[in-house]
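Read the structure below first, then the notes.
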Amino acid sequence: HMCYAEFTDCLDAIMALDADVISIENARSGNETLEAFKNAGYRKDLGPGTYDIHSPVVPAVNDVQQKLQEFLSCMPPEQLVVNPDCGLKTRKWPETIDALRNMVHATQNVRSQLSLEPTT
């Protein structure tokens, strides 16, 4: 996982990593980071954060769904890995479970809209 960095300064090194997928902070940076990866021609799987885990606010399904649709304007669906932003150690169990549940529902909705098969 990578967060709060000047990704454009190190994209060549990131692209050279022997990793199938990386996750990046994205909830607070808009899609600036995703645009940088897109413009650099990044072709591996990428997991931009769908919601800010530093906030106690549980994101609504519609909010996460909108975020996923924004991500898909920057990358193809087969390259997108859905995950929260950063780790969850700052959150309590009830809000973590509710937020992850909403993230899963949003993902299912977007997959359905795109006629993609659910993954197991």
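Worth a mention:
- All of (1) small (Gly, Ala, Ser); (2) free of Cβ contacts under 8 Å to residues at least 24 places away in the same chain; (3) in contact with an Asp or Glu (Cβ under 7 Å, 6 or more places away or on another chain) hold for residue 55 with one exception: (3).
- Each residue in region 79-104 was checked for being within 13 Å of the chain's Cα centre (by Cα) and part of a helix (DSSP H, G or I), and 4 pass.
- Pairs linking a residue in region 82-103 that is within 21 Å of residue 22 (Cα to Cα) and free of Cβ contacts under 8 Å to residues at least 40 places away in the same chain to a residue that is open to solvent by 60 Å² or more (accessible area, probe 1.4 Å) and in a helix (DSSP H, G or I), with Cβ atoms under 9 Å and 6 or more positions apart or on different chains, are 82/104.
- When restricted to residues that are more than 20 Å from residue 63 (Cα to Cα) and open to solvent by 30 Å² or more (accessible area, probe 1.4 Å), region 20-30 contains 2.
- Total residues in region 85-120, condition at pLDDT below 95, in contact with a Lys or Arg (Cβ under 9 Å, 6 or more places away or on another chain) and either surrounded by 14 or more Cβ atoms within 10 Å (Cβ to Cβ) or at positive phi (or both): 1
- Enumeration of residues in region 1-49 that are acidic (Asp, Glu), within 24 Å of residue 103 (Cα to Cα) and assigned to a loop (DSSP other than H, G, I, E, B): 20, 25
- Every test in (1) in contact with a strand residue (DSSP E or B) (Cβ under 8 Å, 6 or more places away or on another chain); (2) at pLDDT 90 or above; (3) not in a helix (DSSP H, G or I) is passed by residue 74 save one, and that test is (1).
- Yes/no for residue 40 being among the small types (Gly, Ala, Ser), in contact with a Leu (Cβ under 8 Å, 6 or more places away or on another chain), surrounded by fewer than 16 Cβ atoms within 10 Å (Cβ to Cβ) and at pLDDT below 95: yes
- Any hit, region 52-69, residues being closer than 22 Å to residue 16 by Cα, surrounded by fewer than 18 Cβ atoms within 10 Å (Cβ to Cβ) and among the charged types (D, E, K, R): no
- Verdict on residue 74 being in contact (Cβ under 8 Å) with a residue 24 or more places away in the chain and on the phi > 0 side of the Ramachandran plot: no
- Selection of first residues in region 3-27 that are over 26 Å from residue 66 (Cα atoms) and modelled with pLDDT of 90 or more and of second residues that are open to solvent by 20 Å² or more (accessible area, probe 1.4 Å) and assigned to a strand (DSSP E or B), restricted to Cβ pairs under 8 Å at least 6 apart or on distinct chains, gives the following pairs, ordered by first then second residue: 14/2.
The values are calculated or read from the model by the stated rules, or taken from the named source; none is laboratory data. Being a predicted model, the structure only gives us computed values, none of them experimental. Here Cβ is always computed from backbone atoms with ideal geometry, including for glycine, and neighbour counts include all displayed protein chains. Side chains included, ligands, DNA and RNA excluded: accessible areas come from the protein's heavy atoms. Shrake-Rupley method; radii C 1.70, N 1.55, O 1.52, S 1.80 Å.
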